[in-house]
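The values are calculated or read from the model by the stated rules, or taken from the named source; none is laboratory data. Since the structure is predicted, the reported quantities are computational estimates derived from the model, not experimental observations. Positions of Cβ are backbone-derived with ideal geometry, glycine not excepted, and every protein chain shown enters the neighbour counts. Heads up: the accessible areas ignore ligands, DNA and RNA and are worked out on the full protein's heavy atoms, side chains in. Shrake-Rupley method; radii C 1.70, N 1.55, O 1.52, S 1.80 Å.
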Amino acid sequence: MARVPSAILTATHRIRRAPRALARHYRARQAPSAIQLVPQPHPWSRALGLLTVVLLGAWLGLLIVGNVRVPVGPMDTTMTLRPSASGGTKINVSPLGALQLDSHVAPVRLDVNVDQLDPERAQALVDHPERISGLQDEVARDVAHGTRDLAIRSCVAVVAGATALGLAVYRRPRRALAAGGLALTLLAASAGTAAATWNPNSVLEPKFSGLLSSAPSLVGDARSIVTEFDVYQKELARLVTNVTKLYDATSTLPTYQPDPTTIRVLHVSDIHLNPASWKIIASLVEQYQVNVIVDSGDTMDHGSAAENGFLDPIEDLGAPYVWVRGNHDSKITQQYLEDLKNVHVLDDGRAKTVAGLRFAGMGDPQFTPDRTNKTGAEASQELAGARLASALRDQEAAGTPVDVAIAHEPSAARKVDGEVPLVLAGHLHHDEMEVLDRGTRLRIEGSTGGSGLRAIEGKYPDPIETSILYFDRDTKRLQAWDEIELGGLGLTTAEVSRHLPEENHPGVAPSSPPPS
């Protein structure tokens, strides 16, 4: 075999090594530039990035799963922790507004949403009022139980949220676990700070927003409410019991005995959002066999759409409901009532025959909660009364005379003197009966809501007042009336007094029409 020259072997070896040499040369030239393209982050930047991931993950965890539904007394609530710069507690009472308490200083805020009132638990309190005495302790236990559940769920939420986001961002289990641990540490530090700065007296100085912002002006300083809690407690436990005694009391009243044909009218006024009024009215309708209810206004406090649900029980009171607008009732209130069954809204002198009596009414021209226009109040009332008097004359001319006129303010009601036998009013929060110069009888009803939340502003609670008016079915004239008075908040008295028209004005017979 021929020998291969050494020169050829050397050349071949060099050719085989050339690609590897070129590769090493290429990597040597490219390495410095590659290092320059991916610079190493500063330790502080890595720490800031990790903290951002932890905070964002913890917030997402709380947002998604960090809330607890807790029954508190008769209410269903939702408790949640939220990041906050100032801490504190926020109680949302939708749609009325919110209360904010400076309960603690920490980077987390406790949100409590009042979702709804459980009808079964609320009815149980009504059916068994003796349970109200233990309601305060029950609420305290419910809140403590809910807070413990919230703390456990919040720990799980922040750790899971921070760990999941850390894994998604870094794709390293060790980094993800570090994010979860840091989230737990921050939550524990926040809880410790909240505990150290806890201020239980903050409940005495709440900050109101929304519709609740007017609450302090209605109920006074929160401290007085706390000191009057036993007053509310006693009243709620005994109020309905008092009402059931009224029928027996009236059976012993002398002088006038209504017969089965008598038209019985229940006159109510100035309920002012007192829910106890509906129970009282329903009981009176049943016990006195009332034919028609007349409400001379101020059923509401602010006239807002948020209050409209308060009116729903009217449909189930057991008698037709005749209503005129008061100065605390808005056109929104009036429109809502017009859509309820069994309700007859009277305004602008409109007349309707209900339960055998013809009524005409005029809504109050003033809307007190709207503080933008306060001028000419008395003139507006007199003008409204004059318009009502004109409408009554038109009804008389048409051959359909009105038996009972209704206005909220007595100053407006006085303008119909001589045009109708009886005019009903309210507004003053105490009852009066007067025969005007031209013979029209003016009946002013007290507050059937005990002045609402204003009941504890004075030294003594305002009573709950209403009356039963008895009309002859043939003549449509007032024959007698029973004044019914329940003791105000914390009081357990119940009084019924019967009156005849001659007692107040001996010169006018109960069945005679007023002079023209």
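Here are a few things to note about the model shown:
- Looking across segment 305-348, the residues that are closer than 26 Å to Leu383 by Cα, among the polar types (S, T, N, Q) and out of contact with any Ser or Thr (no Cβ under 6 Å at 6 or more places or on another chain) come down to Ser330, Thr333, Gln334, Gln335.
- Selection of first residues in segment 365-387 that are within 16 Å of Gly326 (Cα to Cα) and of second residues that are modelled with pLDDT of 90 or more and surrounded by fewer than 16 Cβ atoms within 10 Å (Cβ to Cβ), restricted to Cβ pairs under 9 Å at least 6 apart or on distinct chains, gives the following pairs, ordered by first then second residue: Pro365/Leu383; Phe367/Lys331.
- Members of segment 163-198 found to be over 21 Å from Gly66 (Cα atoms) and surrounded by 15 or more Cβ atoms within 10 Å (Cβ to Cβ), listed by number: Val169, Tyr170, Arg175
- Test: residue in segment 302-309 that is buried (at least 22 other Cβ atoms within 10 Å of the Cβ), within 17 Å of the chain's Cα centre (by Cα) and over 16 Å from Ile468 (Cα atoms): yes
- Criterion violated by Ala183 - all others in (1) modelled with pLDDT of 80 or more; (2) within 30 Å of the chain's Cα centre (by Cα) satisfied: (2)
- Test: residue in segment 85-107 that is part of a strand (DSSP E or B), over 18 Å from Lys207 (Cβ atoms), in contact with a Gly (Cβ under 9 Å, 6 or more places away or on another chain) and not aromatic (Phe, Trp, Tyr): no
- For the condition in a loop (DSSP other than H, G, I, E, B) and modelled with pLDDT under 95, Asn274 qualifies.
- Criterion (under 23 Å from Ile484 (Cα atoms), touching a Gly at 6+ places or on another chain (Cβ under 7 Å) and at pLDDT 95 or above) met by exactly one of His429, His408: His408
- One residue alone among Leu60, Leu48, Leu9, Leu81 is at pLDDT 80 or above, open to solvent by 70 Å² or more (accessible area, probe 1.4 Å) and not hydroxyl-bearing (Ser, Thr, Tyr), and that residue is Leu48.
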